[in-house]
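Student: Would you mind keeping the following structure in view while I ask a few things?
The values are calculated or read from the model by the stated rules, or taken from the named source; none is laboratory data. What you see is a predicted model, and the numbers here were worked out from it, not measured in a lab. Using ideal geometry, Cβ is built from the backbone for each residue, glycine included, and neighbour counts are taken over all protein chains shown. Quick note on the areas: whole protein, heavy atoms, side chains included, nothing else; ligands and nucleic acids left out. Shrake-Rupley method; radii C 1.70, N 1.55, O 1.52, S 1.80 Å.
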Amino acid sequence: MVYRYARRYAGLVTMSSVVPAYGPDAPGRLAGLADVTASDAALRRFLHGLPGVDAVGLEARAAGLGTRSIKTTAKAYAIDLAISMIDLTTLEGSDTPGKVRALCAKGRRPDPTDPGTPHVAAICVYPDMVAVAREALGEDSGISVASVATAFPAGRVARPVKLADTADAVAAGADEIDMVIDRGAFLSGRYMEVFEEIRAVKQACVRPGGPEGGTAAHLKVIFENGELSTYDNIRRCSWLAMLAGADFIKTSTGKVAVNATPPNTLLMLEAVRDFRDAVGVQVGVKPAGGIRTSKDAIKYLVMVNETLGDDWLSPDWFRFGASSLLNDLLMQRQKLSTGRYSGPDYVTVD
Amino acid sequence: MANQKPNRSADASAGPSAGRKFAYAPAPESRAVVDLAPSYGLFIDGEFTDAADGTVFKTVSPSSEEVLAEVARAGEADVDRAVKAARKAFASWGALPGAERGKYLFRIARIVQERSRELAVLESLDNGKPIRETRDVDLPLVAAHFFYYAGWADKLAYAGYGRDPRPLGVAGQVIPWNFPLLMLAWKIAPALAAGNTVVLKPAETTPLSALFFADICRQAGLPRGVVNILPGYGDAGAALVAHPDVDKVAFTGSTEVGRAIARTVAGSRKKVTLELGGKAANIVFDDAPIDQAVEGIVDGIFFNQGHVCCAGSRLLVQESVQEEVLDALKRRMGTLRVGDPLDKNTDIGAINSAEQLARITALAEAGEAEGAERWAPACDLPSAGYWFAPTLFTGVTQAHRIAREEVFGPVLSVLTFRTPAEAVEKANNTPYGLSAGIWTEKGSRILSMASKLRAGVVWANTFNKFDPTSPFGGYKESGYGREGGRHGLEGYLADAADLTGGPASEKESATHEGV
Amino acid sequence: MKVSEQQSRLSVFKTYKLYVGGKFPRSESGRVYEVTDPKGGRWLANAPLSSRKDARDAVVAARKAVPGWSGATAYNRGQVLYRVAEMLEGRREQFAREVAEAEGLSKSRAAAAVDAAVDRWVWYAGWTDKIAQIAGGANPVAGPFFNLSTPEPTGVVAVLAPQESSLLGLVSVLAPVIATGNAAVVVAAERSPLPALSFGEVLASSDVPAGVVNILSGRTAELAAPLAAHQDVNGLDLTGAAADLAVDLEVSAADTLKRVRRPAPAPEDWTADPGTGRLTAWLETKTVWHPIGV
């Protein structure tokens, strides 16, 4: 049997409602697709049976959505939404507790002159900074601590090390884990290996005390689209990660030449849309790297709006992995409220 | 989701964003860039002038029914005056070195680029099409077309149409209302490059951009009489086509009028190119890139409100993916934004005229009466102006009128097929043959289908793409001759049917004695 | 054929027949007309006086032949056309006699016309696999697309053969139609149809598939009218139509927007270099776009 488009499974899954990928019902829904992941061969057939992607058409659609003109009230809405979706990130070898604390403060009150400014979604750090961030944010900030793990960004260590890296970050208080897939295994066609590793990392996200009651960190799976190289690979990887239990799929580490682009993100939006249609499980999307301006961020939100609609227009389902983006959003926000163009001296630099 | 009929409301900005979290605020392009005069004349021999009998007509904005201007209406006497001016101008224009003619065309291309925002807004006002399209499609292509043919003017001997290619003389050109300025460019650029002079009649519902183009000709310093613009109705077009001193007739429009023109020119020396109607099949195989195919289907039929002769108005979808494609298509149609053409976020603008709206409405009603199932997304249409919601019909067979007749509106008929052979048979089962689409990831199937489809333009894994270098034109009753590319020169050169530059035929030398 | 008085043997006459769908039928009407020597008015033969129905049958046969012939490789069509030239070469003397009688030419001038007809056929045989390279090509569009224009045959072409040149003229208008992959319905010169009807025998003994060429004899005006109006005819070559008739036929052909080649205002010189105009007249340019992406 050759598996074709996922919609073929609509009959298998009796959906009364859509469930979140991180909710307790998601594993049951995924079990409906157990035959797809039963063997390496079955998984390969399924992934290669997904519809192809025409690169030119995809890029043209993304560019077309990029010409939307978002003005006045719509712009104000989009800017605040974008701020609330930011995973404010520092992932440098030079990071220190001081740097991370400053970032946490910025995340909680992005614009000290305007307390109406929303806070960001998460602070994203390396595992050894999780405890610092956790402490700096406290328990009531509403801001998550996200940690990269699995030997980010290359991921070139043995699996036990990746799992230990993950467990360590979770134990230190991470709410979210951003793992990297084994791109080498994916590109050489060892899909089951990638699948099993994501499952194992997902397991490592469970906090001591068991999986009940939402005591697992949410798992974001980073593809490194720039290394996957083709859109067909990105679509296959999206399904692979979602089948393995990803709560979010994420474009890139920000550490390679090609990171998030409008077309590769649009393709992942289409994948989560189709996955929800087929399986009834909703997965989030996080473009990361290279999104620096409000104009860019709004283009991504337009893509979310016109591809997925209201259900994904929340920090629960869409994030920006970014650092400098926040200040540009703040300057635009000030411009909207005062009517004057702002400047870099009127937003905080940390 | 069955048979949802669109509502009409006073709120033009309603649409897919109504009641949504992220509702786009109005983003109107400014009208201030267009300085509209209350009235416009004919453009003959380098001057704006009244019609001989003083007749005028009004041109309205189809999105609001607002009168934009009063325009002189050309009659037979005006046609004669314009042809005489063109004939007189031909003596020197045809003799001008090609490089000099080319420089005039380059000037025109540049001025079009400079004034492109003004022209885009004007076109959206007069035609009703969205500013997004006039700005991003029409105007860039207009400039590109002049730029492309400008370069041919001094290279005609290398075009493969004879060693010493000569112009025909006076070209009488009649263009439609769907792409007013772009169709003007398709007609005028190759004609002038080849050394002909022109009398052009724009459509009665969209005369303004052609008259602004007349002003561009003046700015470019184009010699008097080389381009003459005659706004008017079908009677003026008929008089132009029939005028004995016209050497070349170029027409884009309906197949019915095309037939009448072919009859009129019978037995004359006039060379003719006709770009007529279509009923293109857009064929989606089960291995198609589905998301891009859906975009292509949408672009194929809803681009320019479906007022496109090469529109992909028949969707032929393989039965095994019918449900999947239709679900995705309906979802996508639900995001189309119908409304104010000048709003930068509008995807679908106004129907060009009350007459065209009536025709679309009648054909859609016939579709329902014949048993096809009608569907349109929830869609609030403005209360003034001419509007038609993007609509699709399922359960359509080859026997339905909506599968055979050109609707020339945002109405898609969905048919199914099981095998490639059946797809070819159904696609070709029409008197038209202008364009076709193929969606499949299998290369050899693309090439096989492309060679079997009887259509002048085949878009594989894309649709509705245009380029000045790419020949465009139909098979069968979609007309003859090609516009665009090297092929587009053939219709404007004597002896051009002969690629080798063999002996000059007496016919054409006879035509040009005394010139 | 005439009976030579010097000959003791009584010669065998040939019954001239139409060539339709690879067969040699009589006119379905059962009618014939007398064909005479243009100089002396001497009776040469009875030719079939084809009817509207014969024209209809010929169109059906031509349409049936289109898929196979237009789908054949250009190389194959070239080989088949060359084979026709070989067969014609082998029957030079027969055709020289028939052309001399049909057109009232001297033996040597008739022989020259036949030789020219053979050479013309060879010339067109060589064009089959070259015209697409001359008339088509890649178009450098401003975007990530592969874009290629290719000429394709128009389909069924009705040809009114020139009245004054019974074989060389016929070959000059017929060869380009089929060289480009079209199927032809030819109305032979009205007063001198015999070389054309014999040419059907040449085609039948070559490898030209049935229906690719169909040859009718009779009244040009009577046969041309249904062909010009026929909805399954794509092209109309009016070379052999008188001026008034040509106008009526062009008007009629407008109903189905046929590609029409008007007659030349002055008599054509069939010995001149024909150029490519008669090839491109029966070609449609198809332009195919495809995205370029990984």
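Student: Relative contact order for chain B: what is it in percent, counting Cα pairs under 8 Å that are at least 6 residues apart?
Tutor: Once normalised by length, the contact order is 20 percent.
Student: What accessible area per residue, rounded to a whole number of Å², is obtained for the stretch B:278-460 using a probe radius of 1.4 Å?
Tutor: 27 Å²
Student: While we're on this one: What is the mean number of Cβ atoms from other protein chains located within 10 Å of the Cβ atom of each residue in peptide B:430-437, rounded to a whole number?
Tutor: Across the residues of B:430-437, the mean count of other-chain Cβ atoms within 10 Å is 1.
Student: If you take the charge dipole of the stretch C:32-291 about its Cα centre, with +1 on Lys and Arg Cβ and -1 on Asp and Glu Cβ, which of C:Val212, C:Gly277, C:Gln94 is farthest toward its positive end?
Tutor: C:Val212
Student: Sticking with this one: What's the angle, to the nearest 10 degrees (0 to 90), between helix C:74-90's Cα axis and the longest principal axis of chain C?
Tutor: Approximately 10 degrees, to the nearest ten.
Student: Quick one: putting +1 on the C-beta of Lys and Arg, -1 on the C-beta of Asp and Glu, what dipole do you get for the stretch B:278-460 around its Cα centre, in Debye to the nearest 20?
Tutor: 480 debye
Student: Say the dipole of chain C comes from +1 at the beta carbon of Lys and Arg and -1 at that of Asp and Glu; which of C:Ala111, C:Gly30, C:Pro195 then lies farthest toward its positive end?
Tutor: Going by the charge dipole, the pick is C:Gly30.
Student: Please give the helix C:243-254 orientation as an angle from the longest Cα principal axis of chain C, in degrees from 0 to 90, rounded to the nearest 10.
Tutor: 40 degrees
Student: Using modelled amide H (1.01 Å from N, peptide plane; none on Pro or chain starts), what sits under 5 Å from the amide H of A:Ala288, excluding residues fewer than 5 places away?
Tutor: Residues meeting the amide H criterion: A:Thr251, A:Ser252, A:Ala260, A:Gly321.
Student: Sticking with this one: Using alpha carbons only, how many degrees (0 to 90, rounded to 10) separate the axis of helix C:168-179 from the longest principal axis of chain C?
Tutor: Here the helix axis deviates by roughly 30 degrees.
Student: For chain C, set up a GNM with springs between Cα atoms under 10 Å and report which of C:Leu160, C:Leu197, C:Leu257 has the largest fluctuation.
Tutor: Per the Cα network of chain C with a 10 Å cutoff, C:Leu257 tops the list.
Student: Below 8 Å between Cα atoms, with a sequence gap of 6+, how large is the relative contact order for chain C in percent?
Tutor: 24 percent
Student: Let me ask something else. In terms of modelled amide H atoms, which long-range or inter-chain residues lie less than 5 Å from the amide H of C:Val186?
Tutor: Excluding prolines and chain starts, which carry no amide H, the hits are C:Val159, C:Asn214, C:Ile215, C:Leu216.
Student: Say we join alpha carbon atoms closer than 10 Å with springs in a Gaussian network model of chain A; which of A:Leu240, A:Leu58, A:Leu329 then has the biggest fluctuation?
Tutor: Judging by the Gaussian network model, the answer is A:Leu58.
Student: Mind jotting down the distance between the C-alpha centroids of the stretch B:165-184 and the stretch C:15-58, whole Å?
Tutor: The stretch C:15-58 and the stretch B:165-184 have Cα centres spaced 47 Å from each other.
Student: Once every DSSP H run of n ≥ 4 in the protein assembly as shown is given -39500 (n - 2.57) and the sum is divided by its residues, what mean residue ellipticity at 222 nm do you get, rounded to the nearest 500 deg cm²/dmol?
Tutor: -12000 deg cm²/dmol
Student: Moving on to the next point. How far apart, in nanometres, would the label points at C:Ile134 and B:Ala95 be if each is projected 7 angstrom from Cα along the Cα-to-Cβ direction?
Tutor: Label at C:Ile134, label at B:Ala95, 3.3 nm between them.
Student: Rounded to the nearest 10 Å², what accessible area does B:Phe408 have for a 1.4 Å probe in the complete protein model?
Tutor: Ignoring ligands and nucleic acids, B:Phe408 comes out at about 40 Å².
Student: Follow-up. Where Lys and Arg each count +1 and Asp and Glu each count -1, what net charge lies around A:Ala121 among other residues with Cβ under 15 Å from its Cβ?
Tutor: Taking every Cβ under 15 Å from that of A:Ala121, the sum is 0.
Student: Considering only the protein assembly as shown, what is the antiparallel percent among its DSSP beta bridges, to the nearest 5?
Tutor: 30 percent
Student: Can you work out the Karplus-derived ³J(HN,Hα) for every residue in the stretch C:121-128? Use 6.51 cos²θ - 1.76 cosθ + 1.60 with θ = phi - 60°, whole Hz, and x for glycine or proline.
Tutor: Once θ is set to phi - 60°, the couplings for the stretch C:121-128 become 5, 4, 4, 5, 4, x, 7, 4 Hz.
Student: Let me ask something else about it. Dipole of chain A (Lys/Arg Cβ +1, Asp/Glu Cβ -1, origin at the Cα centre): which of A:Ala151, A:Met331, A:Val201 lies farthest to the positive side?
Tutor: A:Met331
Student: List the lysines whose Cα lies under 23 Å from the Cα of B:Lys270, skipping any in the same chain that are fewer than 8 positions away.
Tutor: By straight Cα distance, B:Lys270 reaches B:Lys84, B:Lys88, B:Lys187, B:Lys201, B:Lys248, B:Lys476, B:Lys507, C:Lys258.
Student: Summing +1 for each Lys or Arg and -1 for each Asp or Glu, what net charge is found among the other residues whose Cβ lies under 13 Å from the Cβ of B:Ile402?
Tutor: 0
Student: What does the extension gain come out to for A:Thr67 and A:Ser337, with contour length at 0.36 nm per residue minus their alpha carbon separation?
Tutor: Contour length minus the Cα-Cα distance gives 94.8 nm.
Student: While we're on this one: Have a look at the DSSP beta bridges in the stretch A:28-344 and tell me what percent are antiparallel, nearest 5.
Tutor: That works out to approximately 5 percent antiparallel.
Student: While we're here: Take the solvent-accessible surface of the protein heavy atoms, probe 1.4 Å, and return the percent of it on chain B that carbon and sulfur atoms account for.
Tutor: Carbon plus sulfur share of accessible area: 52 percent.
Student: What's the buried accessible area, both sides, between C and B using a 1.4 Å probe, rounded to 100 Å²?
Tutor: It comes to approximately 3500 Å² buried between C and B.
Student: With the contact rule set at Cα under 8 Å and sequence spacing of 6 or more, what percent relative contact order holds for chain A?
Tutor: Answer for chain A is 22 percent.
Student: Evaluate the charge dipole of the protein assembly as shown about its Cα centre and quote only its size in Debye, nearest 20, assuming +1 on the Cβ of each Lys and Arg and -1 on the Cβ of each Asp and Glu.
Tutor: Using Cβ point charges on Lys, Arg, Asp and Glu, the protein assembly as shown gives about 1480 debye.
Student: Rolling a 1.4 angstrom probe over the protein chains, ignoring ligands and nucleic acids, what is the accessible area of A:Thr348 in square angstrom, nearest 10?
Tutor: Counting only protein heavy atoms, A:Thr348 exposes about 50 Å² to solvent.
Student: Can you run phi through the Karplus equation (6.51, -1.76, 1.60; θ = phi - 60°) for the stretch A:107-120 and list ³J(HN,Hα) in whole Hz, with x for Gly and Pro?
Tutor: Listing the rounded values in order: x, 6, 10, x, 10, x, 7, 9, x, x, 5, x, 7, 7 Hz.
Student: Can you pull out the trypsin sites (Lys or Arg not before Pro) in the stretch B:233-332 whose DSSP state is coil and whose Cβ has at most 12 other Cβ atoms within 10 Å?
Tutor: none
Student: Turning to a different aspect of this structure: Averaged over peptide B:201-211, how many Cβ atoms belonging to another chain are found within 10 Å of each residue's Cβ?
Tutor: 0
Student: Hey, got the dipole for the stretch A:126-226? About the Cα centre, +1 on K and R Cβ, -1 on D and E Cβ, debye to the nearest 20?
Tutor: Using Cβ point charges on Lys, Arg, Asp and Glu, the stretch A:126-226 gives about 400 debye.
Student: Quick check: pseudo-label points 7 Å beyond the Cα along Cα→Cβ at A:Arg199 and C:Arg97, how many nm apart are they?
Tutor: 9.1 nm
Student: Give me the net charge for the shell around A:Gly226: Cβ to Cβ below 13 angstrom, other residues only, Lys and Arg +1, Asp and Glu -1.
Tutor: Taking every Cβ under 13 Å from that of A:Gly226, the sum is +1.
Student: May I pose another question? What spacing in nm lies between the two simple spin-label points modelled at C:Lys39 and C:Ala266, each 7 Å away from Cα in the Cβ direction?
Tutor: 2.8 nm
Student: Let me ask something else. Under the Karplus relation 6.51 cos²θ - 1.76 cosθ + 1.60, θ = phi - 60°, what is the ordered set of whole-Hz ³J(HN,Hα) values for the stretch C:192-198, x standing for Gly and Pro?
Tutor: 9, x, 5, x, 5, 5, 5
Student: Additional query: Please identify the trypsin sites (Lys or Arg not before Pro) of the stretch C:71-159 that satisfy two criteria: DSSP loop assignment and at most 15 other Cβ atoms within 10 Å. Which are they?
Tutor: Those satisfying the criteria are C:Lys130.
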